[in-house]
Amino acid sequence: MTKFAILLGLCVVLVMTSLPLHGHHGTNISYDHAKPITLTGTVTEFVWQNPHTQVYFDVKDAKGNVVHWAGEMNSPGVLIRQEGWSRKTLKVGDEITVTVFHSKAGTPVGVVNKMLLNGKAILDNRGGQQQ
């Protein structure tokens, strides 16, 4: 009976600790993958950190108002290996065109799927799933 109780307890602990790992990459819940949008703007900040890099950029809306956007991307390691990026790839003031999976909540936040820097392709997640 004691061995069974220990084994059962171990199984419960393993299941409970693995649940957050599954939810971490559930971008389909928060972002609309069916309707990607493309935006052109100016980089205001680039955060090179784990678990995901972030790019902040300003976009003018149809009325000419500036909208502050935030885009989440892969980890620095993935960007280095797959795209050849470094922490200096994006700089404040750079003009970027991004295709993002927009937040379902309607806020100016998205998962970056593709990016052009000054007209040159520098990111293509080929389907948009973060690695």
Task: Neighbours by Cβ (under 8 Å, 6+ apart or cross-chain): first from the stretch 52-72, touching a residue at least 24 places away in the same chain (Cβ under 8 Å) and at negative phi; second among the hydrophobic types (A, V, I, L, M, F, W, C) and part of a loop (DSSP other than H, G, I, E, B) - done: HIS52/MET73; THR53/MET73; VAL55/MET73; VAL55/LEU90
TODO: Could you look through the stretch 72-128, keep only residues that are surrounded by fewer than 13 Cβ atoms within 10 Å (Cβ to Cβ) and among the polar types (S, T, N, Q), and pick out the one that is modelled with the lowest pLDDT?
DONE: ASN118
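Just for the stretch 50-69: of the residues that are of a type in the set (S, T, N, Q) and within 12 Å of the chain's Cα centre (by Cα), which one is farthest from SER103 (Cα to Cα)? Write out each step before concluding.
First pass over the stretch 50-69, keeping only residues of a type in the set (S, T, N, Q): 50, 53-54, 65.
Okay, now just the ones that are also within 12 Å of the chain's Cα centre (by Cα), so 50, 53-54.
Values: ASN50: 21, THR53: 17, GLN54: 15 Å.
Applying the filter and picking the extreme gives ASN50.
One line per residue, one yes/no per condition, for (1) surrounded by 14 or more Cβ atoms within 10 Å (Cβ to Cβ); (2) of a type outside the set (A, V, I, L, M, F, W, C):
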position: TYR31; (1), (2): yes, yes
position: LYS35; (1), (2): no, yes
position: LEU39; (1), (2): yes, no
position: ASN50; (1), (2): no, yes
position: TYR56; (1), (2): yes, yes
position: VAL66; (1), (2): no, no
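The values are calculated or read from the model by the stated rules, or taken from the named source; none is laboratory data. Everything numeric in this text was worked out from a predicted model, so none of it was measured. Backbone-built Cβ (ideal geometry, glycine too); neighbour counts: all protein chains shown.
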